[in-house]
Amino acid sequence: MSVNREAVACYRLYAANCVELAEGLADPDRRVFLLAMARDWLKLADQAEKEGEAGHDSAATDANSRHEQSAGSATPDTAI
């Protein structure tokens, strides 16, 4: 599991913990605060997940570019 996936899982767990705590509170202001915090943890998880996917795509593109460049330089130049 990559660090990014671990972070996403932690953020989602933090959100679930906030919701669980909010359910046990009688004070509506504290409930609203914890539910807003849960929403923010979920937004952060979604953002980290998207960045991880973009980073994965970018890494694959970079690897392909390096492969194409090295393949081109390893080929003898036949042009006269």
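The values are calculated or read from the model by the stated rules, or taken from the named source; none is laboratory data. Note that the coordinates shown come from a computational prediction; the quantities given were computed from them, not determined experimentally. Because the Cβ atoms are built from the backbone with ideal geometry, glycine has one as well, and the counts that use them run over all protein chains shown.
Overview of values
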| item | result |
| --- | --- |
| Residue that is modelled with the lowest pLDDT, among those in region 31-80 that are among the basic types (Lys, Arg) and exposed (fewer than 13 other Cβ atoms within 10 Å of the Cβ) | ARG66 |
| Candidate set: region 1-30, residues that are modelled with pLDDT under 95 and among the polar types (S, T, N, Q); chosen: the one nearest to GLU53 (Cα to Cα) | ASN4 |
